[in-house]
Amino acid sequence: MSVQEALREERVPAPVRRRSRTRWVLPVWSWLVILWLSSPIIVMIVFGFNDTTGKFNIRWQGFTLRWYRELFTIPDLTQALVNSLSISLIVTAIATALGTLMGVALGRYRFRGSGSVNLLLFANIAAPEVVLGAALLSLFLTLGIARGYWTIVIAQVMFSIAYVAITVRARMVGLDPALEEAARDLGAGPVATFFRVTLPLIMPGVVAGALLVFALSIDDYIITSFNAGNTVTFPLWVYGASRVGVPPQVNVMGTLIFAGGVLLALLAAVANRRKQA
Amino acid sequence: MSRSRLQARLAPYYLVLPGWLWLVLFFVVPTFVMLSVSTQTGDIVSGFKQTFHWHTYVEAWDSYHVQFVRSLVYGLVATLLCLLIGYPVAYWIAFRGGPYKSSLLFLLLLPFFVSFVIRTLSWNFILSDNGIVLSPLRHLGLIGSRFHVLQTPYAVIGGLTYNFIPFMVLPIYVALERVDRALLEASADLYASSREAFRKVVFPLSLPGVFAGVLLTFVPASADYVNASILGGTRTTMIGNIIQTEYFTNLDYPMAAALSFILMALLLVGVFAYARALGTEDVFEVNAR
Amino acid sequence: MPDVPTYDDLPADVMRGLISPRMSRRSMLQLGGASALAMALAACGVSSKKGATATGTSASAQAKQFWSDKKQLGTLDFANWPLYIDVSPKNKNDHPSLNLFTQQTGIKVKYSEVIQENASFFGKIQPELAAGQSTGYDLMVITNGTYLDKLRELGYLIALDQSRMTNFYQNASPLVKNPSYDRGNVYSMAWQSGMTGIGYDPKRTGRVITSWADLMDPAFKGKVGMFGDTQDLPNSALLAVGVNPETSTEDDWKKAADWLKKQRPLVRKYYEQDYIDPLSKGDIWASMAWSGDIFQANASGATLKFVVPKEGAVLWTDNMCIPQHAAHPVDAMTYMDFVYTPEIAAMLAESINYITPVPAARRIILQDAAKASGGDKASLTDLATSSLIFPSPSDFSRLHRYRVLTAEEQKTWNSLFEPIYQS
């Protein structure tokens, strides 16, 4: 019988737990932390409504929805946002594909060299962004390759693969190999087994990895700034603009992206609840 | 050997190949290229030539050891702060969250949906001398008229801590969440106080998460330069700023490469020693879920 | 407990061997292969292929030949600094002068505000130019100094078509015609000029600021801003110690560096372009500043003052030039000369608020002021009479150019001044 059952059998009256007077400490602390984490977001959202006339969005001058209407009136900013979104989608697709394959291999098989592959992934995650970006820049400089859109894609895929690989690997490791064996016994070839048995089972890990890559990629500053050349992504544009004054459109875009994220998460929660019900 | 057995033997290699190739081409090879650039001499106008000039490393350390040490110190302090601030929150969500666990976790991570450049710039606004935090404090006489937060090491470390909290909280949360509740029941039945239960049962079980969190926070925090650039002043320059300046303003590629290499060596050696002590599997596992 | 794949049927030592990372033969081969590749690459180094530098009469013959078969193509890719062109009042991204240009010449302009710093922009285009590729731009604006010099030395600029510079020769101010950094205007035509002096908020400093020495006042501790660069900072420091930067010696540089080191405890931050926000907010009270920034900040409601210090200030000029392999060089030349008509120069000056290279623009601005009314009239009159836009002859005597440095001198110069703002 299990430990729990054994304990229950021998149950002695449980000690009375005093209602700890310090029980409120944890919740208060945690809510304070959540508030602290949210404060810059609140500022960002509020100043997206500021009716500011000057270059600098620093003094409250009145409420307006104007920036929501004029959201795409700065061509460079719009282009930067478009670049960010398109690069992130491409990077997510490539990194998820490559990383999933690696994760499946590492989680499912024992093979010579798996140790060094693990080492490679670990080194990739552990190495600081400055070094990853600078090393790749050195390569491009040496080979005389101009930096731009595609070098950003290359750089971002490079640092993303490892995250997908270890996420999928963890999921693979918990998988019962009997399921795949059963599929093979029923005559499915390796490719069919992968797509119809393995992939659906590890899908939560793949999705988690993909979301992580997308988030890391769209917000990436350091590696991108080293390898961007003339191409501007959203974080690069905002950083550059901060030198002379960030326009309120940036606040609005940040607010909308934030709202989008909230919506996605709510949808996921609702979908989850539906599944459970 | 039968065909399917051969296929089975080769399968992992096929699967690993594309990703491995990408990493080798764009991570491993560039690291060696960077090593080779670091021993070149010359300048942007007349070109760079390979001269195996290892002295650049000595110059790099001589000129910038202050910034190296400062970066490691800032990284360490930020990591400790993240740990102290984040652990209780992770504990609270994992053990007291109940049905709201995912929502609370979500609420915690929500701010990080916004670009970190925007978040850091917002702090620049919030913490300004006559801004919404310092002005009232000054009116209440709680701070002097010359007191400022921006352009001090505290602002930079504060920014680093702020930006890396999720990297600390998530692994710890994952580790805590997996603690078998039966163990807690058992300790309660054995008359352990909740404090003892924490000290002797929960905390040790959360250690892999703590180690993973420390790793994922310390390395990027030490190598960051954006926080120092936006929130910092004189005497807060971090090694990341120097590397960026050498690459893009001074165009001194050998020096920049040498600095990057030293930084990577410092961090990776520490990380590998630390990971070897645990076994890399642990760090991956806890982090990945 | 963390999940570790358990293979209960294996002996413990084999299991340990499988789990712990080790250097297998495969990884040794990987390492070897990679090193071999890298060493092969190492032989290359980072190249800097020089183009032909144009000097003397053979050069102008070369230039004539270059331009003889070039035609206007109808597009212009223009790279510029942010906030450095006129904007229409309703829409910050509409540029009336560019629209007028398109109307009059039929050339469509693709305008990109991608230049944040000379150094980083140079760093971006250098590899492309070294590889013989186009930068994607036909026209760019580079400040006189280290990077303009480098671009010329490396042959990365196309010599201008002198026959297409009629407006320039007719209307340009003597300050920008035949300047010391580009004799004969072989490669560049001035876009705007500016001064690096001191900007301050009189309400916070409590007094008038007149000299660099004022930025050493202990009363301003923690409230002073300086630039973190190797041009404005050192040249201004040279002026602060009473030396003309253009003729300064290494000893003078050491004196200037000492002055800066003495000043360090008072400085809040060594800024790049981003000092104007803290100055407006009150995080700093006085700062090294660019004349146009202060003018623009005031136009947006600030109450800052700009002063050309007693000891002198640096005058810099941003110059239009054409990078090699530009796809539409004739369109670039057309635009460059277009900008020197007084009407267009006035349009630009009214928005940009830096020193226009066309003195005749002043007359036009006064005419516009007479036609306008109310707030517009006041601001236009301010513009026409401001010494920040149209410096007086007495101001000229206190303005100096950057020290021109050879590659060797640059190394000494950098080693003296970089530690000041980099530590």
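The values are calculated or read from the model by the stated rules, or taken from the named source; none is laboratory data. Because the structure is predicted, anything quoted here is derived from the model rather than measured. All Cβ positions, glycine included, derive from the backbone under ideal geometry; neighbour counts span all protein chains shown. Areas reflect the complete protein model, heavy atoms only, side chains present, ligands, DNA and RNA absent. Shrake-Rupley method; radii C 1.70, N 1.55, O 1.52, S 1.80 Å.
Of the trypsin sites (Lys or Arg not before Pro) found in the range A:79-162, those that fall in a DSSP loop while having at most 12 other beta-carbon atoms within 10 Å are A:Arg110. Taking all Cα pairs closer than 8 Å and separated by 6 or more residues, the relative contact order of chain A comes to 31 percent.
Per-residue mean of other chain beta-carbon atoms within 10 angstrom of the beta-carbon, peptide A:141-154? Could you put the intermediate results ahead of the total?
Working: counts 14, 16, 7, 10, 4, 11, 4, 3, 0, 0, 1, 0, 0, 3.
Average neighbour count from other chains, rounded to a whole number: 5.
Once the 1.4 Å probe is applied to the protein heavy atoms, the protein assembly as shown comes out at 43 Å² accessible per residue.
Of the residues A:Arg169, A:Arg243, A:Arg66, the one that moves most in a GNM of chain A with alpha-carbon contacts below 10 Å is A:Arg243.
Accessible surface of B:His53, taken over heavy atoms with a 1.4 Å probe and every protein chain present, rounds to 60 Å². Solvent-accessible area of C:His400, all protein chains in place: 30 Å² (probe radius 1.4 Å, heavy atoms, ligands and nucleic acids excluded). Counted over the protein assembly as shown, the DSSP beta bridges are approximately 65% antiparallel.
The range B:70-108 and the range C:117-139 have Cα centres separated by 45 Å.
Check each of the trypsin sites (Lys or Arg not before Pro) in the range C:102-207 and keep only those in coil by DSSP with at most 16 other C-beta atoms within 10 angstrom; list them in order.
On the way: sites: C:Lys108, C:Lys110, C:Lys124, C:Lys150, C:Arg152, C:Arg164, C:Lys177, C:Arg183, C:Lys203, C:Arg204, C:Arg207; in loops: C:Lys177, C:Arg207.
Sites meeting the loop and neighbour criteria: C:Lys177, C:Arg207.
Accessible surface of chain C, 1.4 Å probe: 56 percent of it comes from carbon and sulfur atoms. Across the range C:353-358, computed HN-Hα scalar couplings (Karplus, 6.51 cos²θ - 1.76 cosθ + 1.60, θ = phi - 60°) run 6, 10, 7, 6, x, 10 Hz from first to last residue, x flagging Gly and Pro. Consider a paramagnetic label point 7 Å from the Cα of B:Thr41 along Cα→Cβ; state which residues of the range B:49-63 have an amide N under 15 Å from it. The answer is B:49-60, whose backbone nitrogens lie closer than 15 Å to the label point.
When the residues A:Ile257, C:Ile352 are ordered by accessible surface, computed with a 1.4 Å probe over the protein chains alone, the sequence from largest down reads A:Ile257, C:Ile352.
Amide hydrogen proximity for C:Leu157: with H placed 1.01 Å from N in the peptide plane, the residues at 5 or more positions away or on another chain lying under 5 Å are C:Gln324. The accessible area of B:Glu177, taken with all protein chains in place and a 1.4 Å probe, comes to roughly 80 Å².
Mean separation of Cα pairs under 8 Å and 6+ residues apart, divided by the residue count of chain B: what relative contact order is that in percent? Kindly include the intermediate steps, with their values, before the conclusion.
Details: 293 pairs, mean separation 77.7, N = 289.
The normalised contact order for chain B reaches 27 percent.
I need the chymotrypsin sites (Phe, Trp or Tyr not before Pro) found in the range B:1-99, filtered to DSSP loop residues with at most 15 other beta carbons within 10 Å of theirs. Answer by residue number: B:Phe52, B:Trp54.
What does the structure give for B:5-17 when I average, per residue, the other chain Cβ atoms found within 10 Å of the residue Cβ? Display every interim value, and only then the final one.
Values: counts 0, 0, 2, 3, 2, 1, 7, 13, 8, 3, 12, 14, 4.
Per-residue shielding by partner chains comes out at 5.
3J(HN,Hα) along the range C:249-257: 10, 4, 4, 4, 4, 5, 5, 5, 4 Hz, from the Karplus curve 6.51 cos²θ - 1.76 cosθ + 1.60 with θ = phi - 60°, whole Hz, x for Gly and Pro. Note on C:91-99: average number of Cβ atoms from other chains within 10 Å of each residue's Cβ is 2. Add -39500 (n - 2.57) for each DSSP H run of 4 or more in chain C, then divide by its residues: what number comes out at 222 nm, to the nearest 500 deg cm²/dmol? Dividing the helical sum by the residues of chain C leaves -13000 deg cm²/dmol.
Taking all protein chains together, A:Phe49, C:Phe417 sort by accessible area into A:Phe49, C:Phe417, largest first [probe 1.4 Å]. Would you list, by chain and number, the lysines whose Cα falls below 23 Å from the Cα of C:Lys254, excluding same-chain residues fewer than 8 positions away? List returned: C:Lys262, C:Lys269, C:Lys310, C:Lys411.
Distance from the alpha carbon centroid of the range B:183-246 to that of the range B:1-64 works out to 30 angstrom.
Is it possible to state the helix-based mean residue ellipticity at 222 nm for chain A, with each DSSP H run of 4+ residues giving -39500 (n - 2.57), the sum divided by total residues, to the nearest 500 deg cm²/dmol? What is it? Walk me through the numbers before you get to the answer.
Values: 13 runs with 198 residues, N = 277.
Using -39500 (n - 2.57) per qualifying helix, the result is -23500 deg cm²/dmol.
Placing pseudo-labels 7 Å out from each Cα toward the beta carbon at C:Lys203 and A:Val3 gives an inter-label distance of 6.7 nm.
When the Gaussian network model of chain B links Cα atoms closer than 10 Å, the mean-square fluctuations of B:Leu109, B:Leu17, B:Leu266 top out at B:Leu17.
Just from its helices, what would the mean residue ellipticity at 222 nm be for chain B, if runs of 4 or more DSSP H residues each count -39500 (n - 2.57) and the sum is divided by every residue, rounded to the nearest 500 deg cm²/dmol? Working shown, then result.
Values: 14 runs with 209 residues, N = 289.
Dividing the helical sum by the residues of chain B leaves -23500 deg cm²/dmol.
Distance between the C-alpha centres of the range A:134-199 and the range C:245-291: 51 Å, rounded to the whole angstrom. Accessible area ranking (1.4 Å probe, heavy atoms, ligands and nucleic acids excluded), largest first, for C:Ser60, A:Ser38, A:Ser217: C:Ser60, A:Ser38, A:Ser217. Ligands, DNA and RNA left out, the 1.4 Å accessible surface of chain A is 65% carbon and sulfur atoms.
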